[in-house]
1. Looking at segment 83-109 only, could you name the residues that are touching a strand residue (DSSP E or B) at 6+ places or on another chain (Cβ under 6 Å) and open to solvent by 60 Å² or more (accessible area, probe 1.4 Å)?
2. Please state which of the following conditions Arg243 fails to meet, knowing it meets all the rest: (1) in contact (Cβ under 8 Å) with a residue 60 or more places away in the chain; (2) charged (D, E, K, R); (3) out of contact with any strand residue (DSSP E or B) (no Cβ under 9 Å at 6 or more places or on another chain).
3. Taking the condition under 15 Å from Gly354 (Cβ atoms) and away from the ligand (no atom under 13 Å from the Cβ), does Arg263 pass?
4. Does segment 364-377 include one or more residues that are farther than 20 Å from Val286 by Cβ, free of Cβ contacts under 8 Å to residues at least 12 places away in the same chain and either within 9 Å of the ligand (Cβ to nearest atom) or not polar (S, T, N, Q) (or both)?
5. For segment 331-347, give me each residue that is at negative phi and either within 7 Å of the ligand (Cβ to nearest atom) or within 18 Å of the chain's Cα centre (by Cα) (or both).
6. So which residues in segment 348-363 are within 8 Å of the ligand (Cβ to nearest atom), in contact with a Phe, Trp or Tyr (Cβ under 6 Å, 6 or more places away or on another chain) and not in a loop (DSSP other than H, G, I, E, B)?
7. Is there any pair linking a residue in segment 177-195 that is on the phi > 0 side of the Ramachandran plot to one that is open to solvent by 20 Å² or more (accessible area, probe 1.4 Å) and acidic (Asp, Glu), with Cβ under 7 Å and at least six apart or on different chains, and which?
Amino acid sequence: MDERGVPYEYLSVRTDITRRMQAEEDLAKQQHLMTMLLRSMEQGYWFIDTQGITREVNPEMCRILGRSEADIVGRNIFAFVDEANARIFRDQMARRARNEKGSYEVELLRPDGSNIAGSICATPIYDTNGERIGSVGMWSDISERRKQEQERETLKNAALVANRAKSEFLASMSHELRTPLNAILGFGHLLQTDPELSADAMENVVEIARAGGHLLALVDDLIDLARIEAGKLDLFMEPVPARPVLVEALGLMKPLAEKAGIRLVDAIELDESLAVQVDLTRFRQVILNFLSNAIKYNKPQGQVDLTCQTLPGRLRVSVSDTGRGIPADKQWRIFNPFDRIGEERGNIQGTGIGLVISKRIVEAMEGRIGFESVEDEGSLFWVEFPLASSAVAPESSAPRGGAAASGTGPGGCGPREVLYVEDDPTNAQLLGKCFAKRGDLTLTLAASAEAGLALARETLPALILMDINLPGMDGFQALQVLKADARTASIPVIAVSANAMQGDRDRGQTAGFLHYLTKPIQVPDLLMLIDKALGASPS
Ligand code: ADP
């Protein structure tokens, strides 16, 4: 400028801002993209500062909270939760302050008073200087999942209650059905030993016993299946040497095979000590089911083979027969409960649930079951069980836990006294009649545990037969009293109960009964057990 202040020259400084403008444009684009992303996201987005004040939310978060953006931003997150969930927030904020990421579940309060459950994935956020400025939470609505979980829990609880009721019902039904059956079968057996019975009457009695036996098998199977269906299968898994059990099963089936004219072939070929990890009773039950079917559905002069094969880590037991086989188009029905595949019209006895029970049992024992069959040629049923980790020394396959039979009771010589504690007059009468035929035994009856205990102390019988369900003190309590008294502690006690569930038997054996017999009593079996317990030769 000159002295009059008129500019005579211009000096200009130019700065190229293209890059800055480009950067601003890029930033605006990024921000727009970010906004679009947050708006379209199916998850809720929630940005809070280090004090817990909400700085930003996306529309989904507003929907979740049931509030407008203006109603959320600027407010502390503790405004949206109750005290229990505030504790979760506090804990999580402390973690963010330690620069930790984290996922957690929390319930938010909505203005209408309802709750909404969500899972949050939270991350601390830093500025360009590395200063923590807050945290971002990504929210997923899990209220539907929670609702389903609650419904499942309610259903599970209802099923548990129903199962308990079912199992109690089964236990009592088992008892109620077995008690009268005991009388039918017991008196039937008794009549069969009557030499004065006419041939005609004997035929009728045999028929009663046969039908009663069938009814008993049906009751047992039904109760067993119902227990399994109710998830009440109690298994006692242990290493069981396979060979003795299989040999025993063949022995048990021998009379049935002989009657049907079927050749039973022992092709077991197993090392005595080879053990499988199974429940002994249930293992035996499956093999007996296979063997009895192979005999029942065989042809005249047919053959049944029991074979074994050791596979890696497993033992396969197979029962093959030369019977009528199962038609290919019906084989899918084989494990259907109550489906006898047409046999319901035939004259072979059965319930149609043996195989389904076997399948459930085998699977519960982590085994496998299967079959092959060719119509008119025969069938082969097999099971596989895991080998026990260490081979154990063979042991008797007799029921577990039973006390050893003691010798003669304290009764001394002469007819030995057996005390029967039983409140049911029919059962008492039945046993009374059986004992009347035995000159070497006398039977004393007591109608309650209390009366039985008094008699036991007074007469010191050689053996006690104890019913379990008694008025007042029950059979288990009575046994404890007997064992606690030095005078009666050594008297062998056999439980005779209509409670036939496996749990009852196990409990009986653990309690210290010499045997646990279930009603209906097979009179010859009972007498044999008594003789064994008294150390006498069976008469
Ligand atoms: P049940 O023998 O009491 O009828 P199962 O469940 O043991 O019941 O068997 C179901 C059905 O499968 C039998 O009724 C029979 O028709 C068929 N079945 C089972 N085993 C054999 C077999 N070895 N040979 C031919 N058919 C068989």
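The values are calculated or read from the model by the stated rules, or taken from the named source; none is laboratory data. These figures come from a predicted structure and were not determined experimentally. With ideal geometry, Cβ positions are generated from the backbone for all residues, glycine too; neighbour counts draw on all protein chains shown. Side chains included, ligands, DNA and RNA excluded: accessible areas come from the protein's heavy atoms. Shrake-Rupley method; radii C 1.70, N 1.55, O 1.52, S 1.80 Å.
1. Across segment 83-109, the qualifying residues are Arg95, Asn99, Lys101, Ser103, Glu105.
2. Exception for Arg243: condition (3).
3. no
4. no
5. Selection gives Ile334, Asp339, Arg340, Glu343.
6. Answer for segment 348-363, where residues must be within 8 Å of the ligand (Cβ to nearest atom), in contact with a Phe, Trp or Tyr (Cβ under 6 Å, 6 or more places away or on another chain) and not in a loop (DSSP other than H, G, I, E, B): Leu355, Val356.
7. Between residues of segment 177-195 that are on the phi > 0 side of the Ramachandran plot and residues that are open to solvent by 20 Å² or more (accessible area, probe 1.4 Å) and acidic (Asp, Glu), there is no close pair.
This table checks each residue for (1) open to solvent by less than 50 Å² (accessible area, probe 1.4 Å); (2) β-branched (Val, Ile, Thr).
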| site | (1), (2) |
| --- | --- |
| Ala122 | yes, no |
| Asn129 | no, no |
| Arg132 | no, no |
| Ile142 | yes, yes |
| Lys147 | no, no |
| Leu160 | no, no |
| Arg164 | no, no |
| Leu170 | yes, no |
| Gly186 | yes, no |
